[in-house]
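The values are calculated or read from the model by the stated rules, or taken from the named source; none is laboratory data. All of these numbers come straight from a predicted model, not from anything done at the bench. Reconstructed Cβ throughout: ideal geometry from the backbone, glycine too, with neighbour counts over all protein chains shown.
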Amino acid sequence: MKNSFLFYLAFLALVLAACSRTEPEISYAVMRLAYVQENGVVKERFSFFALAADEDGIENLDDLYLYHDREGLRWHLSERDWIALQQDGKMWVGSRSIAMIDEEPLPRGLYRTVLVNKAGEEAVRSISFDPPVEPRFPFPSLNVADGNYAIDSKYPVNYLLGYDEKGNYVQTVRAPALRGAIADLKFNSTVKSTALWAEDQLYSTSALTDARPVN
């Protein structure tokens with residue numbers, strides 16, 4: 001009888017272990033404002049990413065929510081909608097398409113993000129989003145001609161993004177100087193056009209110009 005009881009306890013422990021669920025985790029979350037040039041017109045675009053983890057793998061994550069409780073706003077991303085980016089062995093999930101109706105500016109202040117896995121368990125983390133209402137720097141420009149590039153930018157850090165002939169992103173190169181030869185950038189041979197990505201990391205703000213042919 002005693003052995004049967006011990007066997008029952010061992011069996012129960014195995015069942016409970018098999019049924020145990022682990023909560024997802026949000027180690028970090030960030031929102032960014034980007035001024036994006038589209039056919040010569042500069043518009044505000046917003047991105048939101050969470051550094052997500054789940055002991056059962058990223059495929060166990062189901063939904064990601066972003067709330068601005070004061071204004072009663074909510075954005076919902078499912079696993080079919082979000083972008084998953086892997087960096088240094090860690091997974092970020094989110095979107096570069098957070099927007100308001102009629103492209104109004106996003107309200108500043110405190111946001112709340114909620115990550116839900118397939119078992120319905122949640123992780124919650126707050127984000128402070130307070131970029132300047134007006135740009136700190138003039139919108140930058142990029143000129144490419146005769147195998148050379150010229151950047152006009154007051155932003156602290158400048159990158160050149162490379163795209164293939166179909167406009168697909170290929171490569172990012174930090175600009176070594178505001179002027180120079182395209183060949184010195186060491187672009188991949190598939191790069192046919194480039195755009196300037198300027199960053200103000202202190203205020204989580206960026207600017208992206210239209211692309212220019214490199215040859």
Exercise. Any idea how many residues of the range 47-84 are of a type in the set (A, V, I, L, M, F, W, C) and at pLDDT below 90?
Worked result: 7
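Does any residue of the range 99-109 turn out to be surrounded by 18 or more Cβ atoms within 10 Å (Cβ to Cβ), among the hydrophobic types (A, V, I, L, M, F, W, C) and over 14 Å from the mean Cα position of the chain (by Cα)? Before the answer, list the steps.
Within the range 99-109, the first condition is being surrounded by 18 or more Cβ atoms within 10 Å (Cβ to Cβ), and the residues that meet it are 106.
Restricting the remaining residues to those that are among the hydrophobic types (A, V, I, L, M, F, W, C) gives 106.
Those left that are additionally over 14 Å from the mean Cα position of the chain (by Cα): 106.
Yes - at least one qualifying residue is present in the range 99-109.
Quick one: in the range 85-137, which of the residues that are outside any loop (DSSP other than H, G, I, E, B) and among the small types (Gly, Ala, Ser) is modelled with the lowest pLDDT?
Filtering first and then ranking leaves 97.
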For this session: Please name all residue pairs, on different chains or six or more residues apart, with Cβ atoms under 6 Å, provided the first residue is in the range 110-124 and is surrounded by fewer than 18 Cβ atoms within 10 Å (Cβ to Cβ) and the second residue is aromatic (Phe, Trp, Tyr).
Result: 112/67
Exercise. Restricting attention to the range 24-73, which residues are exposed (fewer than 13 other Cβ atoms within 10 Å of the Cβ) and among the acidic types (Asp, Glu)?
Worked result: 38, 55, 59, 69, 71
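Which strands (runs of 3 or more DSSP E) does the range 139-214 wholly contain that include 3 or more residues that are surrounded by fewer than 18 Cβ atoms within 10 Å (Cβ to Cβ) and out of contact with any Ser or Thr (no Cβ under 6 Å at 6 or more places or on another chain)? So that I can check it myself, show each step before the final result.
Working: elements: 141-145, 148-152, 157-163, 169-174, 179-181, 193-200, 205-208.
Counting at least 3 such residues, we get 141-145, 169-174, 179-181.
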